[in-house]
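Asks: First the structure, then my questions, so here it is.
The values are calculated or read from the model by the stated rules, or taken from the named source; none is laboratory data. Here the structure is a predicted model, which is why all the values come from computation and not from measurement. No Cβ is skipped: glycine too gets one built from the backbone with ideal geometry, and neighbour counts run over all protein chains shown.
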Amino acid sequence: MAKINYQVDEIDQKILAYLVKNARMPFLEIARECGVSGAAIHQRVKKMENAGVITGSRLLVKPEALGLNVCVFICVSLSEADAYPRVIEALRKISEVVECHFVTGDYTLLLKIYCFDYDHLMNILIDTIQHIPGIGHTVTMVSLDQAIERQVWVKDYDYDKKKKKAAQAKKKA
């Protein structure tokens, strides 16, 4: 992961918390909640975008709505250490690959793939992924259920403020 050279302050975190919950929330509504102007929200969001803190907003589509009923994770071992760039470039061309992580442990890569059915999965595995030069072997795990799906956690300010007030009250007592 690239290092972000930007100090996120309390107002930025509050803005992020609202946007993570609803990326379409109007800036004026966020401004009212944060107690600042709409222009200030716009400027802060723009600064965070420019610094790479915010990398965009997304419309999330349930894969099942498109008929993509099979979700799998594939652990990939490379046959040669210098194959990484070539393998990544080949994997980028496979639309079924929605995530690719360089990982530690027994494998080099962890892929997340969506397929229509198991025949489609077999085709992707046998005829595509396992034919990429530099891939040694794969291990496939089928996801039976996605129990948790959420965006990155952003601090809950109401809780933090209550905790700070309670700590201050305790010190005074």
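Asks: Test CYS75 against the criterion of being surrounded by 10 or more Cβ atoms within 10 Å (Cβ to Cβ) and touching a Lys or Arg at 6+ places or on another chain (Cβ under 7 Å), and give yes or no. First the steps, then the outcome.
Replies: Values: surrounded by 10 or more Cβ atoms within 10 Å (Cβ to Cβ): yes; touching a Lys or Arg at 6+ places or on another chain (Cβ under 7 Å): no.
No.
Asks: May I ask you to verify whether LEU66 is touching a residue at least 12 places away in the same chain (Cβ under 8 Å) and within 20 Å of SER143 (Cβ to Cβ)? Before the answer, list the steps.
Replies: Details: touching a residue at least 12 places away in the same chain (Cβ under 8 Å): no; within 20 Å of SER143 (Cβ to Cβ): yes.
No.
Asks: Would you be able to tell me the number of residues in segment 26-50 that are exposed (fewer than 14 other Cβ atoms within 10 Å of the Cβ) and either touching a residue at least 40 places away in the same chain (Cβ under 8 Å) or assigned to a loop (DSSP other than H, G, I, E, B) (or both)? Don't jump to the end; show me each part of the working.
Replies: The first filter runs over segment 26-50 and keeps only residues exposed (fewer than 14 other Cβ atoms within 10 Å of the Cβ), leaving 26, 28-29, 32, 35, 37, 39, 43, 46-47, 49-50.
So of that shortlist, the ones also either touching a residue at least 40 places away in the same chain (Cβ under 8 Å) or assigned to a loop (DSSP other than H, G, I, E, B) (or both) come out as 26, 35, 37, 47.
Within segment 26-50, residues that are exposed (fewer than 14 other Cβ atoms within 10 Å of the Cβ) and either touching a residue at least 40 places away in the same chain (Cβ under 8 Å) or assigned to a loop (DSSP other than H, G, I, E, B) (or both) number 4.
Asks: As an exercise: evaluate TYR118 against (1) farther than 30 Å from ALA23 by Cβ; (2) under 22 Å from the mean Cα position of the chain (by Cα) and give the number of the one condition it does not meet.
Replies: (2)
Asks: Moving on. When you go through LYS3, LYS62 one by one, which is the residue that is basic (Lys, Arg), farther than 30 Å from CYS115 by Cβ, modelled with pLDDT under 95 and within 18 Å of the chain's Cα centre (by Cα)?
Replies: Details: LYS62 fails: farther than 30 Å from CYS115 by Cβ.
After ruling out the rest, the residue left standing is LYS3.
Asks: So is VAL61 in a loop (DSSP other than H, G, I, E, B) and either crowded, with 18+ Cβ neighbours inside 10 Å or out of contact with any strand residue (DSSP E or B) (no Cβ under 8 Å at 6 or more places or on another chain) (or both) or not?
Replies: On the way: in a loop (DSSP other than H, G, I, E, B): yes; either crowded, with 18+ Cβ neighbours inside 10 Å or out of contact with any strand residue (DSSP E or B) (no Cβ under 8 Å at 6 or more places or on another chain) (or both): yes.
Against the criterion (in a loop (DSSP other than H, G, I, E, B) and either crowded, with 18+ Cβ neighbours inside 10 Å or out of contact with any strand residue (DSSP E or B) (no Cβ under 8 Å at 6 or more places or on another chain) (or both)), VAL61 qualifies.
Asks: Here is a follow-up. I'm told HIS137 meets every condition in (1) loosely packed, with under 15 Cβ neighbours inside 10 Å; (2) assigned to a helix (DSSP H, G or I) except one. Can you identify the failing condition by its number?
Replies: Result: HIS137 passes all but (2).
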